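Okay, so here's the structure we're looking at.
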Amino acid sequence: MRWFAAGEFCMPLAPLNPDKARLSLEAGSVLGHSAKTKAQALAASRAASKRERFRRQSGGRRLVPHERVATCLRWLRPGERAVEILHSASEGEAHYSRLEVCGSVWLCAVCAARIAEERRKELRQGVEFCAKNGGGVLHLTFTVRHNIGDNLKALTAAFTKAYSRMVGHSTYRTLLRGTYGIMGAVRALEVTNGQHGWHPHHHALVFTSRPLTDDETRRFERELLELWAKCAAREGMTMNQAGLSVQGARAAAGYVAKWGAEEELTKSHLKSGRGGSRSPWDLLRDYCDGDTQAGALWREYADVFKGRRQLVWSAGLRALLGLEDEIPDDEAAAALPDDAKHLGWVDFGDWLLVLRWELRADLLNLAAAGDWSLVVGFLADLRARYRADRRARGLDCPEPVEPPGLPEQLPLAWAVGAFSAERYG
């Protein structure tokens, strides 16, 4: 059985250029391309999405090589000597174990997807708990005017300071909270880049002790917009009537069909910017496609957003909604399904080949079938292709390598998947 598209190895491989040395395991060959069922179409879509997330993670690694994303799901954890693959029957997915995980919701496309899924579940539970107990939920979007020359760091700092000033204002704490029964809010900061430069904006879910009527919602929007404009002006920012949008959690049919209230907050890693603007993940995708300017913009974004919390909850709100304490991002990123079971091991030498050709996503897509023999055949083909390439260039074929030591002893070039010409050709 062939695991690679015809002609993949007809050209000599350039060993230190991962783009030219790329081996692509087509989703159809893994998932049954000829099948027309919805389940297989969905599986093919999920496989393509996983491949794209790993591709963007690799792009981020090249842009910020000194951040933890550079070794995420590449480097063995201290004391480990092989990569473990687990399989979840309930998800129909495979997962890596024994590898470092960065847990960066802003810089790592792979970790961001895992973390966002955990946060989405919590938000959905909170929304459902509030509705079940007679409460209401509003979806708010805050924005300000922005210009092409705005500095992202300064703009973001002013924006977040204005928001903090607003929720700490006496008008908000007394009149608005008392009049409309606001129990608290959870907010997420988001940013896009377009023809007018950087555009930071807040999404917030405001939980109320009772559902508001349409008239109350519109009055709340007018009063809060006035306060928001006042607080933003204190930080040197202006806005028009679009500076604040207030909607019921399931109000706009088109919006709900795409995201729903809680999905809008946490699925920004899947979204594209609106109206020609680009989200950070759009920028990273374009960088991976050769747009160096997009890469420079993404690096600016990474410098400003790294280390921030994705969601910020009002004090005491989680308890009111029946939620437990929030788990840290790195724990959410490393979490595995309850039914994840051992499928097999990938030894160090084979793992180096997987890294060499950027096949981490393809290996997981193949293992998702739960049949380890498919993975064994895939790795055997990798080794054969590697030896054939070296022989074609008149090079010796070294024996399979073992980890030279614990990860802290491993040269950084190995850790990030750049292999020496002397050892790996």
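Table for the structure above
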quantity	calculated
Residue within region 152-159 that is free of Cβ contacts under 8 Å to residues at least 60 places away in the same chain, assigned to a helix (DSSP H, G or I) and out of contact with any strand residue (DSSP E or B) (no Cβ under 7 Å at 6 or more places or on another chain) present	yes
Count - residues of region 322-353 that are without any contact (Cβ under 8 Å) to a residue 60 or more places away in the chain and in a helix (DSSP H, G or I)	3
Some residue of region 272-285 being farther than 22 Å from Tyr163 by Cβ, at pLDDT 90 or above, of a type in the set (Phe, Trp, Tyr) and buried (at least 18 other Cβ atoms within 10 Å of the Cβ)	yes
Test: Gly184 is modelled with pLDDT of 90 or more and assigned to a loop (DSSP other than H, G, I, E, B)	no
Single match in Leu107, Leu99, Leu76 (criterion: within 16 Å of the chain's Cα centre (by Cα) and either free of Cβ contacts under 8 Å to residues at least 60 places away in the same chain or crowded, with 20+ Cβ neighbours inside 10 Å (or both))	Leu107
Residue match in region 299-306 (condition: surrounded by 17 or more Cβ atoms within 10 Å (Cβ to Cβ), part of a helix (DSSP H, G or I), modelled with pLDDT of 95 or more and in contact with a Pro (Cβ under 6 Å, 6 or more places away or on another chain))	yes
Filter pass, Leu25 being aliphatic (A, V, I, L, M), at pLDDT below 70 and either surrounded by 20 or more Cβ atoms within 10 Å (Cβ to Cβ) or touching a His at 6+ places or on another chain (Cβ under 8 Å) (or both)	yes
Flag for Val144 being buried (at least 19 other Cβ atoms within 10 Å of the Cβ) and in a helix (DSSP H, G or I)	no
Residue in region 114-129 that is at pLDDT 90 or above, in a loop (DSSP other than H, G, I, E, B) and within 27 Å of Glu324 (Cβ to Cβ) present	no
Complete set of residues in region 86-118 that are β-branched (Val, Ile, Thr) and more than 14 Å from Lys50 (Cβ to Cβ)	Val101, Val105, Ile115
Filtered residues of region 289-336 (kept if under 15 Å from the mean Cα position of the chain (by Cα) and on the phi > 0 side of the Ramachandran plot)	Gly307
Residue check for Thr171: of a type in the set (S, T, N, Q), modelled with pLDDT of 90 or more and crowded, with 16+ Cβ neighbours inside 10 Å	no
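The values are calculated or read from the model by the stated rules, or taken from the named source; none is laboratory data. Everything numeric in this text was worked out from a predicted model, so none of it was measured. Virtual Cβ from ideal backbone geometry, glycine too; neighbours counted across all protein chains shown.
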